[in-house]
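Everything on this sheet refers to the single structure shown next.
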Amino acid sequence: MTGVALAMSVSGAGALGAVARYLVDLTITRRFPRVVPRGTMAVNIIGSFILGLISGLVAHHHLASVSNLIIGTGFCGGLTTASSAAFETARLFHLSKAGAATITIAAGIGTSCLAGAIGLGLGLIPI
Amino acid sequence: MLVILVGGFLGTLCRYELSTHWSQSGTAFPLTIFTINVSGSLLIGIILTAIIEKLRPTRYLRPLTCVGFLGGWTTMSTLAVESDHLISSNHPEVAFAYVFATMIVTPLVAALGISLAHLLPRSREADEKAPDQ
């Protein structure tokens with residue numbers, strides 16, 4: 001794949017990831033309207049798991065590394081977000097909800113790392 | 001939905017181009033994604049606050065800039081898997097520094113962005129909509 005075609009594929013996958021994030025976030029926020037926003041955390045967990053899995057499969061099962069770029073950098077990168085998590089945390093601090101703010105950022109990043117590790121671990125299992 | 005697609009496309013393209021031209025070794029502090037996430041958090045603080053409080057109501061600006069572009073620009077999945085890789089390659093101290101730095105710096109710069117946006121003048125339409133604020 002040429003450089004331009006690859007850049008377009010990655011960006012297209014990122015665009016789809018962004019729309020998926022919007023839909024998942026909307027659905028979860030409507031169903032669970034809580035102080036600690038669940039929607040951003042959910043998309044970050046899902047995206048980190050998928051990226052971990054793809055990375056593991058590329059490293060140990062000869063999955064084409066281009067899929068890491070398109071699905072990983074593109075789709076998972078568009079699906080997950082750090083800016084929303086940062087904004088939601090700052091907003092909660094602003095509303096003097098320091099506990100909820102701390103949980104939002106710490107649990108948000110922590111669960112993502114865990115989901116990524118689980119995906120990576122699954123991807124490393126010999127088939 | 002279409003504007004989210006456009007914003008997400010552009011945000012991902014910028015992140016992809018930057019990480020292609022500024023790649024790093026796998027064991028160093030992942031400064032590329034850190035820079036992307038910090039800058040995106042600062043921008044969302046400024047832009048989202050300006051859209052909510054300072055500008056007249058618009059339908060497309062927030063999905064284009066915040067949901068699409070900044071959502072596509074920043075990423076949590078790469079941060080998570082980069083940290084996992086750092087831990088599995090015996091660099092847990094770099095992974096923890098990376099995660100804690102992101103945890104502390106991104107909300108701080110988002111708060112800074114919100115404060116900066118509060119310094120902006122309000123548009124006349126926004127004043128008319130909420131004269132008591």
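The values are calculated or read from the model by the stated rules, or taken from the named source; none is laboratory data. Owing to the predicted nature of the structure, the values given are computational and were not obtained by experimental measurement. Cβ atoms come from the backbone with ideal geometry, glycine included; neighbour counts cover every protein chain shown.
What are the residue pairs meeting all of these: first residue in the stretch B:104-123, first residue at pLDDT 95 or above, second residue not in a helix (DSSP H, G or I), Cβ atoms under 8 Å, and 6 or more apart or on different chains?
Hits for this filter: B:Thr106/A:Ala82.
Hey, among the residues in the stretch B:21-51 that are of a type in the set (S, T, N, Q), more than 7 Å from chain A (Cβ to nearest Cβ) and under 22 Å from B:Asp84 (Cβ atoms), which one's surrounded by the most Cβ atoms within 10 Å (Cβ to Cβ)?
Taking the stretch B:21-51 first, the residues of a type in the set (S, T, N, Q) are B:23-25, B:27, B:32, B:35, B:37, B:39, B:41, B:49.
With the extra rule that they be more than 7 Å from chain A (Cβ to nearest Cβ), the set shrinks to B:23-25, B:27, B:32, B:35, B:39, B:49.
Okay, now just the ones that are also under 22 Å from B:Asp84 (Cβ atoms), so B:23-25, B:27, B:32, B:35.
Working: B:Ser23: 9, B:Gln24: 13, B:Ser25: 6, B:Thr27: 12, B:Thr32: 19, B:Thr35: 12.
So the residue we want is B:Thr32.
Going through the stretch A:14-40 one residue at a time, which ones are surrounded by fewer than 24 Cβ atoms within 10 Å (Cβ to Cβ) and touching a residue at least 60 places away in the same chain (Cβ under 8 Å)? Walk me through it before giving the result.
Kept after step one, since they are surrounded by fewer than 24 Cβ atoms within 10 Å (Cβ to Cβ), are these residues of the stretch A:14-40: A:16, A:19-20, A:22-39.
Matches in the stretch A:14-40: A:Leu16, A:Val35, A:Val36, A:Pro37.
Counting only residues that are buried (at least 19 other Cβ atoms within 10 Å of the Cβ) and β-branched (Val, Ile, Thr), which one in the stretch A:59-73 is nearest to A:Ile105 (Cα to Cα)?
A:Thr73
For the stretch A:48-87, enumerate the residues that are in contact with a Gly (Cβ under 7 Å, 6 or more places away or on another chain) and among the hydroxyl-bearing types (Ser, Thr, Tyr).
A:Ser48, A:Ser55, A:Thr80, A:Thr81, A:Ser83, A:Ser84
Output the helices (runs of 4 or more DSSP H) that fall wholly within the stretch B:52-129 and possess 2 or more residues being in contact with a helix residue (DSSP H, G or I) (Cβ under 9 Å, 6 or more places away or on another chain) and farther than 18 Å from A:Ser83 by Cβ, or say none.
Details: elements: B:77-88, B:92-118, B:124-129.
Of the helices (runs of 4 or more DSSP H) lying wholly inside the stretch B:52-129, those with at least 2 residues that are in contact with a helix residue (DSSP H, G or I) (Cβ under 9 Å, 6 or more places away or on another chain) and farther than 18 Å from A:Ser83 by Cβ span B:77-88, B:92-118.
Please pick out the residue among A:Gly108, A:Gly72, A:Gly99 that is in contact (Cβ under 8 Å) with a residue 24 or more places away in the chain and of a type outside the set (S, T, N, Q). First the steps, then the outcome.
Values: A:Gly72 fails: in contact (Cβ under 8 Å) with a residue 24 or more places away in the chain; A:Gly99 fails: in contact (Cβ under 8 Å) with a residue 24 or more places away in the chain.
Exactly one residue qualifies, and that residue is A:Gly108.
Taking only the stretch A:60-82 into account, find how many residues are within 18 Å of B:Ile33 (Cβ to Cβ) and not in a helix (DSSP H, G or I).
Residues flagged as within 18 Å of B:Ile33 (Cβ to Cβ) and not in a helix (DSSP H, G or I) within the stretch A:60-82 amount to 3.
Scan the stretch A:38-86 for residues that are in contact with a Phe, Trp or Tyr (Cβ under 8 Å, 6 or more places away or on another chain) and hydroxyl-bearing (Ser, Thr, Tyr) and jot them down.
Within the stretch A:38-86, A:Thr73, A:Ser83 meet the criteria.
Just the residues that are at the interface with chain B (Cβ under 8 Å from one of its Cβ atoms), of a type in the set (A, V, I, L, M) and under 19 Å from B:Ile87 (Cα atoms), please, taken from the stretch A:80-113.
Of everything in the stretch A:80-113, those that are at the interface with chain B (Cβ under 8 Å from one of its Cβ atoms), of a type in the set (A, V, I, L, M) and under 19 Å from B:Ile87 (Cα atoms) turn out to be A:Ala106, A:Ile109.
Rundown of residues vs (1) facing chain B (nearest Cβ under 9 Å); (2) closer than 18 Å to A:Thr104 by Cβ; (3) assigned to a helix (DSSP H, G or I), yes/no style:
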{"site": "A:Met1", "(1), (2), (3)": "no, no, no"}
{"site": "A:Leu16", "(1), (2), (3)": "yes, no, yes"}
{"site": "A:Arg21", "(1), (2), (3)": "yes, yes, yes"}
{"site": "A:Arg34", "(1), (2), (3)": "no, yes, no"}
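Would it be correct to say that A:Gly56 is in contact with a helix residue (DSSP H, G or I) (Cβ under 6 Å, 6 or more places away or on another chain) and either crowded, with 18+ Cβ neighbours inside 10 Å or more than 9 Å from chain B (Cβ to nearest Cβ) (or both)? Spell out the reasoning first.
Working: in contact with a helix residue (DSSP H, G or I) (Cβ under 6 Å, 6 or more places away or on another chain): yes; either crowded, with 18+ Cβ neighbours inside 10 Å or more than 9 Å from chain B (Cβ to nearest Cβ) (or both): yes.
Yes.
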